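A.B. asks: If you scroll down you'll find the structure; I have some questions about it.
The values are calculated or read from the model by the stated rules, or taken from the named source; none is laboratory data. Since we're looking at a predicted model, the values are computed, not measured. In this analysis, Cβ positions are derived from the backbone assuming ideal geometry, glycine residues included, and neighbour counts consider all displayed protein chains. Quick note on the areas: whole protein, heavy atoms, side chains included, nothing else; ligands and nucleic acids left out. Shrake-Rupley method; radii C 1.70, N 1.55, O 1.52, S 1.80 Å.
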Amino acid sequence: MVTQRLRHAAGTLGAAVSVAALASSCASNDGSSTGSHALYAVGSTHELCVGSDRGRTFVEGLDTIANRGPGPVRIDRAVWLDSQGFKLLGIGVFQRQEGDQFATFGVWRGIPPQGLASGIGGATLVAAWARQVPAEGATLPVSDGNQHYFDIVVSWSGLNGTAGPVRLSYTDAEGHKGTVATRVTVTVHQNATDG
């Protein structure tokens, strides 16, 4: 009798494991198990706060991503999430290069950004802005061991609002789809003198 109960319990457990395996294989058909993890966000999550006394149009390049391969990645779509009170003017990308004298692109007033040449990194910031391309449709090579990461550059207008992070949907070198969200949210507070 005890042996029969154990066999029944083992059979029930086996059936439960089979059902669970089937359910998990069905759940993985959404592409997540074969989805790409080639791109990842570098750095830590943080919020950037800017006063509107700095202007009405801004450029922010604090988001950094890397491509860990196995080959080039094509960005299919770039979306600035949770935007409230801003007008998105563009999302671009450039790869850091040997000799760049800045850690991140930073936050600038105006489009094109005003004062790049006098900022930390000077001429290399100007060169980085010039090599920026629209994020959608860009092909990103594998990031090398010297940390030549990619800066995501967001341009917008607005005196009071919040947005971010940027979500990139992409296709990797093997044809797998993936998404990555950057780590920066932006808030602009309207100053009393802005009217």
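A.B. asks: How do Thr182, Thr45 stack up against each other in accessible area, from largest to smallest, with a 1.4 angstrom probe?
C.D. replies: Thr45, Thr182
A.B. asks: For the pair Leu88 and Arg68, how long in nm is the line joining their label points, each one 7 Å along Cα→Cβ?
C.D. replies: According to this spin-label approximation, the distance is 2.6 nm.
A.B. asks: Excluding Gly71 itself, what net charge comes from residues whose Cβ is under 10 Å from its Cβ, given Lys and Arg +1 and Asp and Glu -1?
C.D. replies: With Lys, Arg at +1 and Asp, Glu at -1, the net is -2.
A.B. asks: To continue, here is another question. Which whole-number percentage describes the relative contact order of the range 42-195, with Cα contacts under 8 Å and a sequence gap of 6 or more?
C.D. replies: In percent, rounded to a whole number, it is 43.
A.B. asks: Work from the charge dipole of the range 75-164 (Cβ charges, +1 for Lys and Arg, -1 for Asp and Glu, about the Cα centre) and give the residue of Gln95, His148, Thr162 farthest towards its positive end.
C.D. replies: Thr162
A.B. asks: How large are Rg and Dmax for the range 55-122 when only the alpha carbon atoms are used, in Å?
C.D. replies: Here Rg and the maximum Cα pair distance are 14.2, 42 Å.
A.B. asks: At His176 and Ala117, where each label point lies 7 Å from the Cα along Cα→Cβ, what is the point-to-point distance in nanometres?
C.D. replies: 4.7 nm
A.B. asks: Here's something else I'd like to know. For a quick size check, give me the Cα extents of the range 91-195 along its three principal axes, largest first, whole Å.
C.D. replies: Principal extents (Cα only, largest first): 53, 31, 19 Å.
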